[in-house]
Amino acid sequence: MKINIWIRKEEAVSGKISKFYNTAPQLTSWPDYFQVTVSQEEFAKLVGMEKNDSMSLTSSGRSEENYTYPQFVEKHYKKERKSDWLVEQYNRNRNQEDWVETREEIPYIYEKNPDTGQVYRRKSGDKHENREKVSVGVAERDYSGEKQLEQLMDEMKDKTGGEFLTWFHKLTKNEQTKLAAYYND
């Protein structure tokens, strides 16, 4: 894959790139900029470099650092991340005792076909062919564990403005209706 970037004419000649743009820069000095094509590896290095550094290119357009792709990935992408987006999304509407710490602990991945509205689930790491169809609907919900008005009122009294909205939206429609009917009377 090749990536087009815009750099200053002097940097194109010297091979030392200190700043680049993904579109033609909207500066008064725009005539001093030229579009060049770099490889994905070189672009990743440009994105990863610190603001005051520059990257030196050889006459062939390759960077002076030579290492294999696995070494590049290890150096630039295998850094420890504090958080994982998928794990955060999985934990976001669950009680803290049900939270997971890694992707491997997530029991199922749910996918929805936007064209048909069908929902499928599969085990993490399984192939697409091993998924199973899941039927999700209001009629299939179990309302046996619904809270009565007194219990809802008791929970609600400790909620602040922001907490209340989140708490209210997690209630079933019947529980929301009970509260609304109580305050509308």
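Laboratory data are not the source of any read-out in this text; all were calculated from the coordinates shown. Keep in mind the model is a prediction, meaning the values are calculated, not measured. Backbone-built Cβ (ideal geometry, glycine too); neighbour counts: all protein chains shown.
Residue separation of residue 180 and residue 9 scaled by 0.36 nm, minus their Cα-Cα distance, works out to 54.9 nm of gained length. Relative to the current alpha-carbon distance between residue 19 and residue 116, full extension at 0.36 nm per residue lengthens the span by 30.3 nm.
Convex hull volume per residue, computed on the Cα atoms of the stretch 143-185, equals 72 Å³. In terms of its Cα atoms, the stretch 85-136 spans 33, 20, 18 Å along the principal axes, sorted from long to short.
Compared with the alpha-carbon gap, the fully stretched path from residue 26 to residue 168 is longer by 46.3 nm at 0.36 nm per residue.
Distance check, please: which entries in 147/173; 127/170; 147/170; 133/173 exceed 20 angstrom between their Cα atoms?
Too far apart for the 20 Å limit: 127/170; 133/173.
Calculate, for residue 73 and residue 123, the FRET efficiency according to 1/(1 + (r/R0)^6) with r their C-beta to C-beta distance and R0 25 Å; round to the nearest 0.05. So the FRET efficiency works out to roughly 0.45.
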